[in-house]
Amino acid sequence: MELYLIPWIAGMVALCFYIREKLGKPTIRAAILKDLSSIGFFFTAIACMYTVTREGDAGAFGWLLLLGSFFGVQGDVWLSFKYLYKAQAWLYTFVGIGMFAAGHIFYIAALLISFGKEVGGVTIGIPVAMGVLIGIATGMLEKKVKLEFGRFKYTVMAYAGLLSMTMFLSGAFAVSFHWQNPVLDVMFVAMVLFAVSDVILSRTYFSKRERTPALLLANYITYYGAQYVLAFSILLTVEM
């Protein structure tokens, strides 16, 4: 058995127990299980990096993906603290969103450092502009889509902008390489899953709408799907 399959299987088992627990109501046990699930995708990324470095060099792209994964697990851990310290829940939410935003900064850096010189300035400029516009639109359309960001409004706007920027950049780069670069293709798929996950999450975090089992399940499938797709994509960096 390949080494990276061990944390993947362990993470999947923890995720199944977490979903079962969370579909009831938020508990400390559910928070711990979520952290274990997230540690699973981070250690999967580490194991994939170990496999790659045994065969060659992952390059800056692989290492930056690993750093992005690290901040992803940090985001989950900090957000889980709000169930342990409810009086400071707002603070841990701020930090958690900030950790996810940092992860996307590393993903953007991976794209620009590894492929920026091979694409035109327009290929970079348009996705960046689109990300900024979506970040602004997220704040402007808050009430129209029946969301209430409260004190998190500008934090959510910044995060939405960074996530959109990462998704559009990876898509634009994949198109520039005519969908012939597996790393870029897979990264775009992961970012689309992230975007879908966060759209769903916004309905459960910032809306009075009930957290239905269907919404929660869809969120977990898309979020952890994105994290594991990125973790396994590190295996492809040895071919770059």
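The values are calculated or read from the model by the stated rules, or taken from the named source; none is laboratory data. Everything numeric in this text was worked out from a predicted model, so none of it was measured. Neighbour counts are summed over all protein chains in view; Cβ atoms, including those assigned to glycine, are modelled from backbone coordinates with ideal geometry. Areas reflect the complete protein model, heavy atoms only, side chains present, ligands, DNA and RNA absent. Shrake-Rupley method; radii C 1.70, N 1.55, O 1.52, S 1.80 Å.
Here are the numbers:
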quantity: In Hz, Karplus ³J(HN,Hα) per residue of region 42-53 (6.51, -1.76, 1.60; θ = phi - 60°; x = Gly, Pro); calculated: 5, 6, 5, 4, 4, 5, 5, 5, 4, 4, 5, 5
quantity: Heavy-atom surface of region 133-226, accessible at 1.4 Å and reported per residue (Å²); calculated: 50 Å²
quantity: Under the Karplus curve 6.51 cos²θ - 1.76 cosθ + 1.60, θ = phi - 60°, whole-Hz ³J(HN,Hα) for region 225-233, x wherever Gly or Pro sits; calculated: x, 4, 5, 6, 4, 5, 4, 6, 5
quantity: Added length on full extension, which subtracts the Cα-Cα distance from 0.36 nm per residue, residue 178 to residue 133; calculated: 13.6 nm
quantity: When each of 22/86; 117/153; 34/146; 22/82 is checked by Cα-Cα distance, pairs over 25 Å; calculated: 117/153; 34/146
quantity: Region 86-146 and region 1-75: distance between their alpha carbon centers, rounded to Å; calculated: 22 Å
quantity: Average silhouette area of the chain, convex hull of alpha-carbon atoms, in square nanometres; calculated: 12.7 nm²
quantity: At most 16 other Cβ within 10 Å, DSSP loop - chymotrypsin sites (Phe, Trp or Tyr not before Pro), region 66-153; calculated: 85
quantity: Chain lengthening between residue 94 and residue 199 when straightened (0.36 nm per residue, less Cα-Cα); calculated: 36.0 nm
quantity: MRE, 222 nm, helices only [DSSP H, n ≥ 4, -39500 (n - 2.57), over the chain, to nearest 500]; calculated: -27500 deg cm²/dmol
quantity: 3J(HN,Hα) from dihedral phi, region 168-174, Karplus parametrisation 6.51/-1.76/1.60, rounded to Hz, x for glycine, proline; calculated: 5, 5, 5, x, 5, 5, 4
quantity: Most positive-pole-ward Cα, 137, 188, 169, against dipole of the chain from beta carbon charges; calculated: 137
quantity: Mean Cβ count within 10 Å, highest first, over the residues of peptides 55-64, 174-183, 219-228; calculated: 219-228, 55-64, 174-183
quantity: Carbon/sulfur fraction of accessible area - the chain, other protein chains in place, 1.4 Å, %; calculated: 70 percent
quantity: Packing-based ranking, highest mean first, of 122-131, 36-45 given that Cβ atoms within 10 Å are counted; calculated: 36-45, 122-131
